Amino acid sequence: MEQTSQVFYRRWRPQALAEVVGQGPVTQTLLNALASGRVSHAYLFCGPRGTGKTSTGRILAKAVNCLAGGRGEPCNACDLCRAITEGRALDIIEIDAASNRGIDEIRELRERVSYAPNQAHYKVYIIDEVHMLTKEASNALLKTLEEPPPQVIFILATTEIHKVLPTIISRCQRFDFRRLSQADIVAKLSHICDAEGIQAEPEALRLVARSSRGSLRDAENLLEQMTAYYGPEVGLHQVQAVLGITGDWRAKELVKHVINNDVAAGIATINSASGDGLDLRQFNREVVEYLRNLLLTKTGSGEAADLTPEDMAELQALAGQASLPQVLRAVKLFGEVELGLDGYSTLPLELALVDCILAAEGEASIPRPTAVEVPRPVTAAPAQPAASERPVKKVRPAVEKAEPAPAVNEASPEKAEPVTEVDTPPPGGELEELRLNWKRVIEDAPADVKRTNAVALLRSAGVKPVDIEDDTVVLAFKYNLHKENMEKPENQRVAERIVSHFLGRTCRVRCIYQSESNHLVEAAKKMGARVISVEEK
Ligand SMILES: [Zn+2]
């Protein structure tokens, strides 16, 4: 993101402790100290960037020096207050320890610290990013803190307290600044918009706030940048465009399709996002983020997600339709999606989608142990009509209900009813080896192809080896889309290398599309049914 001129940040910097946003405990303690006249000679302000540390330091410098002397907030009207606000007060010295000049300035500080203030009552040193000081500079500072000259106040600020010398920390009064809440930031941004004549959509401000992760300065700079680009009207879509977030609604839509087990609609959403040129990596991040919020809602910890009431209601409705294992699996599968550097191939997203839904389907269709007596493997039980029919019937309803596949043949399951005998792989043969070890076959893929699309395709739950014809291994795909992808020469080559590697001989690979009802038969076979014939479609 471009550096902005930080006009808003400077113009809207708080000038009184009461104006510091979201740091109630800090500002209240400081006000109490001012009121009772117990001002420390060294403060350490720690916390994330943009949370008000140096602004608070400046206000404190004014408060202790204000000529109105009110023992509380500065008046912001007397000569000294104004000089400090305008950055021209000789006795208020701001040092950026992160800059190259830091060391020299600390050395200078050592020499000059004992001189009395010029005009002010207190000389105030504000040292920002104090953890960046070199060892020598830190030690020099420590010596000064050990023998604090009268009428000098040190205000040290840091984003990384663990890098500050413990001996320095122990000599300061420490205040922890918190990351600002989204609501705090939105309130301040709205105030700025009102005063600057900016028309901003509430969702736009919420997105600005959310993306700035608790840093008011970042949020103010982003708002300023938005108005510099787009003028005084700031809409949600403009913020999304600047942040590179464009697929917000489609990410939610995809999650809904996952929960509804709707593969066809899910694939359509992914392709619509891709077709509009979205960065699919960003799109996937949003899908995962939304799934994460769904998971939090499902487990009753929705508050942790810092959501608007509208988002919360939407998520609660969706959570009512989803099972916890379903959401968990979706978070995991989409969280593991690895999109290529270009971020434009839709395949990894499609695979995650299909895997989610196949797994949900598998859950629904696996009969409970008490419901079906699963016979021992086929070889032990030849042609028993009871075994061939019963499991098929148990499987069918659940699978039908899920209806997940696009372009799946509408053939009724009756057509797949066993008719004549078909070979099952002989035990101990190459095909059985491949089938039983299919996961390992893929895991053992040569290192240079492990992260290819082909491997992602092979890993998908809808793929399995179904036959070996001489030196050709036949792979069945549940989705035609995946089959067609695998048939691309570069993917086919990878598949052939992987299979050859496992079988220890050079093999070719042929891909076929095996429709849903055939998978039904497969499921029945897994449970011991003997399939006699499968109608070709
Ligand atoms: Zn004053």
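Per atom type, the range 248-363 shows carbon and sulfur on 54% of its accessible surface, probed at 1.4 Å.
Accessible surface calculations at 1.4 Å, restricted to protein heavy atoms, place the range 71-115 at 62 Å² per residue. Take the range 1-62 with all the other protein chains still there, run a 1.4 Å probe, and you get 42 Å² of accessible area per residue. Only protein atoms count toward the accessible area here, which uses a 1.4 Å probe; on the range 23-176, the carbon and sulfur part of that area reaches 48 percent.
Dividing the convex hull volume of the alpha-carbon atoms in the range 23-176 by its residue count gives 105 Å³ per residue.
Accessible surface computed residue by residue for the range 248-363, with neighbouring protein chains in place and a 1.4 Å probe, gives 42 Å² per residue.
Taking each of LYS135/LYS163; LYS252/LYS483; LYS332/LYS478 in turn, the alpha-carbon distance tops 18 angstrom for LYS252/LYS483; LYS332/LYS478.
The values are calculated or read from the model by the stated rules, or taken from the named source; none is laboratory data. All of these numbers come straight from a predicted model, not from anything done at the bench. Each accessible area value is taken on the protein alone, full model and side chains, heavy atoms only, with ligands, DNA and RNA left out. Shrake-Rupley method; radii C 1.70, N 1.55, O 1.52, S 1.80 Å.
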